[in-house]
């Protein structure tokens, strides 16, 4: 397991291990000084013997290859911008499950809905919580109320005070 740190620091540590062994320290002693396993020192020495300084370079772990190419990811974002209705969904709300279904239909690639969030995050998208509006909401009635009733309510607030309950 690699210690955290910059690539430069890790490479310097590997070079230091070689120096210590060249100065006559045993693998165990060099490993103790550097706080690593003797097998790591041996591996670094072997890599240096085979590849020179390039053998001491930090290489990133490749990991699993992406299932969508960069072009496919760009196309997916364009598809998502068209909205859920364009893909046959009844509400104008994207869920990771719906996006996974679109990915499978468009590209033939299966994504678990939990992984779709990571994919979107890599593309610069973030989860958004929709604002909750009543389905019965009547924008025209609200505008009319604000225009006619609200000014009267507001005027009445100026003289607001306790009232008698009798």
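The values are calculated or read from the model by the stated rules, or taken from the named source; none is laboratory data. Quick caveat, the model's predicted, so the values are computed rather than measured. Cβ coordinates were reconstructed from backbone atoms using ideal geometry, including for glycine residues, and neighbour counts include every protein chain displayed.
Given the criterion modelled with pLDDT under 90 and out of contact with any strand residue (DSSP E or B) (no Cβ under 7 Å at 6 or more places or on another chain), identify the matching residue among 13, 82, 64. Steps first, please.
Details: 13 fails: modelled with pLDDT under 90; 82 fails: modelled with pLDDT under 90.
Selected residue: 64, the only one of 13, 82, 64 that is modelled with pLDDT under 90 and out of contact with any strand residue (DSSP E or B) (no Cβ under 7 Å at 6 or more places or on another chain).
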Self-check item: Cβ pairs under 8 Å, 6+ apart, first in segment 82-97 and under 19 Å from residue 118 (Cα atoms), second part of a loop (DSSP other than H, G, I, E, B)
Solution: 93/130
Exercise. Keeping to segment 46-78, report how many residues are free of Cβ contacts under 8 Å to residues at least 40 places away in the same chain and in contact with a helix residue (DSSP H, G or I) (Cβ under 6 Å, 6 or more places away or on another chain).
Key: 4
